[in-house]
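Presented below is the structure to which this report refers.
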Amino acid sequence: MNKSRNVLAIILITIGLIMLLSRYVYLPDGFNGLIVGAGFLAGYLISGNDYVDRKSGLLTAGSIIVALAMHNILNEIIYMGIFQGVMVCLFVGIAFFSIHFISSGKTEKSGVYVQSWALRSGVISFIIGGIIFVMTMLNWSVTAAFINNIWPVGLIIAGLVIILNNYKKEK
């Protein structure tokens with residue numbers, strides 16, 4: 001059985017379901033995203049027998065699409081207003097944490113397989129959401145001006161750190 005063809009079949013079925021349902025039934029904005037995300041997650045589940053064999057790209061895409069779709073559905077129910085940026089970061093962070101916990105586990109082939117990039121991305125998303133929250137609660141224009149002046153300095157520092165690390169590795 002060709003698993004990559006099964007993944008393609010699941011994605012095609014998902015797209016067909018969305019197109020068919022949207023013609024006859026009113027679907028809230030985020031519902032299409034839930035169906036697409038569920039299709040990617042189903043594709044992830046059938047793409048392999050083990051954490052190592054499965055296509056992590058399908059898990060990543062499905063988790064992020066489902067998280068953003070849930071954000072859209074919640075925004076239709078409860079208007080988030082100025083906190084919408086914070087909530088996007090929160091939902092994306094939750095998606096990254098779910099990627100980390102779903103794809104981390106013991107496998108017979110590799111011992112422990114950990115998606116640490118997903119954990120770091122979730123933490124960064126939460127931190128960005130916290131910064132947006134603080135900027136929203138304070139006077140946005142004052143904090144935005146401060147951030148605009150700090151941002152280039154942060155890029156310069158990050159570039160210098162990369163250069164220094166590469167220089168140390170060459171020695």
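So, in the stretch 75-99, exactly how many residues are within 17 Å of the chain's Cα centre (by Cα) and of a type outside the set (Val, Ile, Thr)? Step through it out loud before you land on a result.
Within the stretch 75-99, the subset within 17 Å of the chain's Cα centre (by Cα) is 84-99.
Now restrict to residues that are of a type outside the set (Val, Ile, Thr): 84-85, 87, 89-91, 93, 95-98.
Matching residues across the stretch 75-99 total 11.
Given the conditions (1) out of contact with any Lys or Arg (no Cβ under 8 Å at 6 or more places or on another chain); (2) surrounded by 13 or more Cβ atoms within 10 Å (Cβ to Cβ); (3) modelled with pLDDT of 80 or more, which single one is not true for Ile77?
(2)
Residue by residue through the stretch 37-60, note down the ones that are out of contact with any Gly (no Cβ under 8 Å at 6 or more places or on another chain), in a helix (DSSP H, G or I) and either crowded, with 20+ Cβ neighbours inside 10 Å or of a type in the set (Asp, Glu) (or both).
Those that are out of contact with any Gly (no Cβ under 8 Å at 6 or more places or on another chain), in a helix (DSSP H, G or I) and either crowded, with 20+ Cβ neighbours inside 10 Å or of a type in the set (Asp, Glu) (or both): Leu59, Thr60.
The values are calculated or read from the model by the stated rules, or taken from the named source; none is laboratory data. Predicted model, so just to flag it, every value in this text is computed and none were measured. Glycine gets a Cβ as well: all are built from the backbone with ideal geometry, and neighbour counts include every protein chain shown.
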